[in-house]
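The values are calculated or read from the model by the stated rules, or taken from the named source; none is laboratory data. Quantities reported herein were computed from a predicted structural model and do not represent experimental measurements. Quick reminder, even Gly has a Cβ in these numbers, built from the backbone with ideal geometry, and neighbours come from all protein chains shown. Please note that ligands, DNA and RNA were not included when accessible areas were found on the heavy atoms of the full protein model with its side chains. Shrake-Rupley method; radii C 1.70, N 1.55, O 1.52, S 1.80 Å.
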Amino acid sequence: MVNERNQKLGEARSVIREIFEYGNARKREIGEENVFDFSIGNPGVPAPPEVNAEIVRLTGEMPSLQLHGYTSAAGAPDVREAVAAYIRTAFGVPMSADGVYMTCGAAASLTITLNALCEEGDEFVVVTPCFPEYAVFIESAGGKVVRAAAGREFHLDMQALDRVIGVHTKGVVINSPNNPTGAVYSEEELAALAALLTKKSREKGAPVFLISDEPYRELTYGAKVPYPMAFYPDTVVCYSFSKSLSLAGERIGYIAVSPQCRGAAEVFSAVCGAGRALGFVCAPSLFQRVVAKCLGKSGDVEEYRKNRDLLLSALTGLGFTCIPPEGAFYLFMKSPEPDAAAFCERAKRHELLLVPSDGFGVAGYVRVSYCVERAVIERSLPAFRALAAEYGL
Ligand code: PLP
């Protein structure tokens, strides 16, 4: 009666959403202040003041019919130009408005890009642990997901990538700063990845695309986030303002196709075609204009840094093992028992809501999302202490 695959997708709520919904129900039962919800990546700092100022200015000054009407399918021309100019200035790459497509956030950026690129028999490589929705997006586009495990401290492992990239690989998806590990890939890593992809493309006789998923680009704690397009020509950047500007519910982002990529015009046409076929045309008009004035800005990253430092020192002090996150707002912590889901169930008894790593494609870890109010972390520490004691840490 209906598309079975999509029905299944609709019925199987993501693990993260499941825990988040459980947390909401539990808050109603025992009071908000008694539940420590570290499940979801909803930004916990307000949008920077420029966002509201721009909304007020636009709604006051721009004719309503123009502000709230359709833009061109790929986005308002002046917005696309502003994005291209920002990319040129900030990252020193020759971006032009012809390669910019405005979207409804990173999910749309990725879905459109994958549908634009994917042909029969194509594979897309992801680096695990990774955002669980990658598999949904790739498979829905008709592609096959191929997993390469991350290496030391969850950075890129070139040998693992070398082993899995072959003639069927259409693209490699990377995400730095990373959800769920907080890793930020260095210039050396991107240069090594570029060399590998160049070699693989030569062997294949066609480009292996680099798809860079970048919702956390601005959220780092000192680490520089190099621009993949500056290292490798066949790059498509999938950007989102959801996290940087704390606009997750407004659904706004963009795709930037490198003008140096092979067949750049065809790739961009395919992006436009996929956007059209999927119904992702004309991203929200007001927010296109708002973000055009807030490029490169972010909410108060210092707040996330304070959360990170507090949680990291408290948890390592209690005997848990964590990798210090270099960016994004997630802490990836080793589960003290091999079964991370069982550990999360025990944490739940202390009203601590953590996400087991299995959904991210690796076993034995939990993700602690620290984009919460500081008070939640402070109040949660006795619960973490009790949990650590249960494991004899
Ligand atoms: N990619 C990663 C790595 C994410 O963490 C998320 C959201 O959490 C997304 C993509 C989707 O972002 P958006 O809300 O902009 O669609």
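Select from the stretch 81-95 the residues that are open to solvent by less than 40 Å² (accessible area, probe 1.4 Å) and touching a helix residue (DSSP H, G or I) at 6+ places or on another chain (Cβ under 6 Å) and list them in ascending order. Steps first, answer last, please.
Taking the stretch 81-95 and keeping what is open to solvent by less than 40 Å² (accessible area, probe 1.4 Å), we get 82-85, 87, 93, 95.
Once the filter is applied, which keeps residues that are open to solvent by less than 40 Å² (accessible area, probe 1.4 Å) and touching a helix residue (DSSP H, G or I) at 6+ places or on another chain (Cβ under 6 Å), the stretch 81-95 yields A82, A84, V93, M95.
Taken over the stretch 166-184, the criterion of being more than 11 Å from the ligand (Cβ to nearest atom) and open to solvent by 10 Å² or more (accessible area, probe 1.4 Å) is satisfied by G166, V167, H168, K170. Could you list, in sequence order, the residues of the stretch 23-64 that are open to solvent by 30 Å² or more (accessible area, probe 1.4 Å) and among the polar types (S, T, N, Q)? Matches in the stretch 23-64: N24, N34, N42, N52, T59, S64. Among the residues of this structure, C104 counts as one that is closer than 25 Å to C272 by Cβ, out of contact with any strand residue (DSSP E or B) (no Cβ under 6 Å at 6 or more places or on another chain), within 16 Å of the ligand (Cβ to nearest atom) and not aliphatic (A, V, I, L, M).
Listed by position, the helices (runs of 4 or more DSSP H) inside the stretch 1-97 whose residues that are closer than 30 Å to E345 by Cα and modelled with pLDDT under 95 number at least 1 are 4-11, 15-30.
Can you tell me which of E214, E218, E203 is out of contact with any His (no Cβ under 7 Å at 6 or more places or on another chain), open to solvent by 10 Å² or more (accessible area, probe 1.4 Å), of a type in the set (D, E) and touching a residue at least 60 places away in the same chain (Cβ under 8 Å)?
Of the residues listed, the single one that is out of contact with any His (no Cβ under 7 Å at 6 or more places or on another chain), open to solvent by 10 Å² or more (accessible area, probe 1.4 Å), of a type in the set (D, E) and touching a residue at least 60 places away in the same chain (Cβ under 8 Å) is E218.
Criterion first (open to solvent by less than 10 Å² (accessible area, probe 1.4 Å) and in a helix (DSSP H, G or I)) does L193 satisfy it? For L193, the condition - open to solvent by less than 10 Å² (accessible area, probe 1.4 Å) and in a helix (DSSP H, G or I) - is met.
Here D78 fulfils each of the conditions (1) over 24 Å from the mean Cα position of the chain (by Cα); (2) open to solvent by less than 10 Å² (accessible area, probe 1.4 Å); (3) of a type outside the set (A, V, I, L, M, F, W, C) apart from (2). Being aliphatic (A, V, I, L, M) and within 16 Å of the ligand (Cβ to nearest atom) holds for only one residue in L114, L193, and it is L114. Of the residues E390, E378, the single one that is touching a residue at least 60 places away in the same chain (Cβ under 8 Å) and open to solvent by 10 Å² or more (accessible area, probe 1.4 Å) is E378.
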